[in-house]
Every structure is written in structure tokens, then in C-alpha cells.
Amino acid sequence: MSKAYLFAIFLLAASFTGCIGGEDLEEITTEEETLDPIGEDNMTSLRKEIDDLKATIKSYEMPKVYFMMDDDNDHLFCEYVYRDSCNLMAQAYDVNGVIESYKWESSDPNFDDTDYCLLLLSDDGDKCLAYWSFYIVDVCDYEENQIFTITVYDNDGNSASASYDYVYSEDLCGPPEPSAPFATFLVEESSDGTYHVEVLQVTDQYDLADFKYYLKDETGSTYVGGNGFGEIALQVIAGEEHGIENTYDGDDDRLENRASNISADDGTDFPVHFSDNDRDGKLSAGDQFTVYGTGTEANGPAEDNWRLDIQLDADGTIVGSAKLL
């Protein structure tokens, strides 16, 4: 090999050695990407979103109830066919089940919802079921201002309510019905075995024919041994004479005879007599009942602690009660 060729190889080797060991060699570095871990704040936010979503779903699945409105955007549906009436009507739905029962309530303690329910006897007690697809209450049956509330119950045990603030309106429902009269009495027992029951006061005037009487023993049972209850005013009903009035001054011969028989009776057939002392044909102050017990002038059934109840025919209200002492 020539010297020139060897020299060239030497120079080439020396050139590589200088590059590897020289100060101009650049450092090679690798840049790694760092990821931030999910923190506690992010997890709390996620949990809140899930809880909010669950609450929304639960609210959506709850039963709903609302009051219907007519074309005039009024909640009361009023009709004037047979009588003045205005109905408050509600509808309900349940997106994931059915409405099983409902009930009406009111701020008036005298409210009774049984007139607006179809009752079904079950193992769990009475349930108020919808007869139609809506729920109805006639507000004209109630003359007091009050808040009506309807509550519906679904098959999952959930409930929903809606309330309506009702103000009585004579324009819609007509004038209020007259209140039932209230009567007070004074009772005195005579030595002859009779009890004199004087009418002291009656708050409203009604015809005698509007009332009935009931003679009751100390257990509250009506005496049925003979004329222990019935009409007060003398009158003919279905062809038969009724009443205990001994002051009759009409023109019916049969009633005149009955009045005479009552006056002459000692309580054997008529244990209660009535005297319309002012002859006005009404139950009023100064009128008097005579109840017969046992004594020198009496042969009736009454005893101490019995009572005489006076009832208004129209609604069965006991307008007054006199205890025999």
C-alpha cells in the first residue's frame, strides 16, 4: 500500500475522533407531557350534577294535580239547571304509575268530603276513588269562605296537593240558606207528675209543621210506646191525623176531635202535649210542651233525666233539647 493512501486513512480516523470527543456535541433531551389528575373539586361538582339529575327525575315521577279552568279562565264551573251550583274541578296524572286515591279537605272544620267520593272498602280501610277522570266539589254547598285542598296518592306511595282560596259569592251561588233556629226551654216539674217545658226563645220563626218532637229516655233511646215522637202541629198526612197540639182552632173536624182527645189525655196515649199559646202557628216564645210522667194527674212514661228533643224537618237539626229534672 502506498504511503499516500495510509496517510489519508490516518487523517480520516483523526477527524472522527475529534467529533465524538469535542465540546461541540449537543445534548439530546426528551420532553414528556404531564397530565393533571382529577381533583376533589371536580369530583364534588360531578356528584352535585348527578344529585341534581336524580332530584329532577324524582320530581318528574311524582304525581301532579291541578285545578281546571273554563273558557273565561275561571276555576269555577257554574250551572243553573236545577239549582245554583259552582263546581271546583281538579285533574291529576302520574307519569310512571296511576292515581290510586284522593281526598278533599277544607279549612272549615264542618266540611265533609264523603259526598264527593266513591268509597271502596279494602284491607287498608276506606279509599276515596275517582268516579270520573276528574275530581269535583260543589262549592255552593258551603257558604263559609274557606280554602279547599285536594290531595292525590299514586301507587308508589307519593302524593301531591293543590289548594283553592274560595270566597262565597251570592252572584254565583245565590243567597245563603237561612240558618237553623235555636230554641231554649225552661223545665219545671209539678207534684202531679207532669213536666212543663216552656219555650223561652227561638232565634228564627218557623211554622209548627216544620218541626218534630222526640221523647227520649236517659240512654238516648226514643220512647216508642205510643206517640213518643212525631209531628207537633195537627195535620192530616196521607189520610191520617198527626200532631200533639191541643190548641187547634182550624176547621177540620177530625183534627178538632184529635185536639179534644189530646186535652183529655193523662199521658196514656199522648205522653207529650203542645200548646200554641199565642195561636200564631209557629214555634215561639211562650209556647209550652207538657210531658207526662207518673203521678196523681199523670199516667205517662217520662222520668227524671229523660229529655225532649225538637227537630227541624228540613235538615234533621235538633234545634233544642229540654232535660226533664
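The values are calculated or read from the model by the stated rules, or taken from the named source; none is laboratory data. These figures come from a predicted structure and were not determined experimentally. For neighbour counting, all protein chains shown are included, and Cβ atoms are generated from backbone atoms with ideal geometry for every residue, glycine included.
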Wholly inside region 233-325, strands (runs of 3 or more DSSP E) that include 2 or more residues that are out of contact with any Gly (no Cβ under 8 Å at 6 or more places or on another chain) and not charged (D, E, K, R) are 235-237, 272-275, 288-292, 307-312, 318-323
The condition of being in contact (Cβ under 8 Å) with a residue 40 or more places away in the chain, touching a strand residue (DSSP E or B) at 6+ places or on another chain (Cβ under 8 Å), surrounded by fewer than 17 Cβ atoms within 10 Å (Cβ to Cβ) and in the same structural domain as E189 (by TED's automatic domain parsing) holds, among G295, G300, only for G295
- Task: Taking L172 as the residue in question, decide whether it is outside any loop (DSSP other than H, G, I, E, B), touching a Cys at 6+ places or on another chain (Cβ under 6 Å) and either among the hydrophobic types (A, V, I, L, M, F, W, C) or surrounded by 12 or more Cβ atoms within 10 Å (Cβ to Cβ) (or both).
- Result: yes
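Residue-by-condition table, conditions (1) at pLDDT below 85; (2) over 16 Å from D154 (Cα atoms):
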{"residue": "T56", "(1), (2)": "yes, yes"}
{"residue": "Y102", "(1), (2)": "no, no"}
{"residue": "D123", "(1), (2)": "yes, yes"}
{"residue": "K127", "(1), (2)": "yes, no"}
{"residue": "C140", "(1), (2)": "no, yes"}
**OP:** Examine region 309-317 for a residue that is surrounded by fewer than 14 Cβ atoms within 10 Å (Cβ to Cβ) and at pLDDT 95 or above, and state whether such a residue exists.
**Re:** no
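Every residue, every condition in (1) small (G, A, S); (2) modelled with pLDDT of 90 or more; (3) assigned by TED's automatic domain parsing to the domain that holds Y206; (4) surrounded by 12 or more Cβ atoms within 10 Å (Cβ to Cβ), yes or no:
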site: P109; (1), (2), (3), (4): no, no, no, no
site: D113; (1), (2), (3), (4): no, no, no, yes
site: S133; (1), (2), (3), (4): yes, no, no, no
site: Q146; (1), (2), (3), (4): no, yes, no, yes
site: A160; (1), (2), (3), (4): yes, yes, no, yes
| message | Kindly evaluate E188 against the criterion of being surrounded by fewer than 17 Cβ atoms within 10 Å (Cβ to Cβ), under 25 Å from S321 (Cβ atoms) and in the same structural domain as W306 (by TED's automatic domain parsing). | response | yes
Practice prompt. Please verify whether region 266-275 includes one or more residues that are assigned by TED's automatic domain parsing to the domain that holds Q201, more than 18 Å from G225 (Cα to Cα) and either loosely packed, with under 14 Cβ neighbours inside 10 Å or of a type in the set (V, I, T) (or both).
Written response: no
Original post:
Residues in region 123-134: is at least one among the polar types (S, T, N, Q), in contact with a Ser or Thr (Cβ under 6 Å, 6 or more places away or on another chain) and either farther than 30 Å from D304 by Cβ or free of Cβ contacts under 8 Å to residues at least 40 places away in the same chain (or both)?
Top reply: no
Within region 57-74, the residues that are within 17 Å of D138 (Cα to Cα) and within 19 Å of the chain's Cα centre (by Cα) are Y66, F67
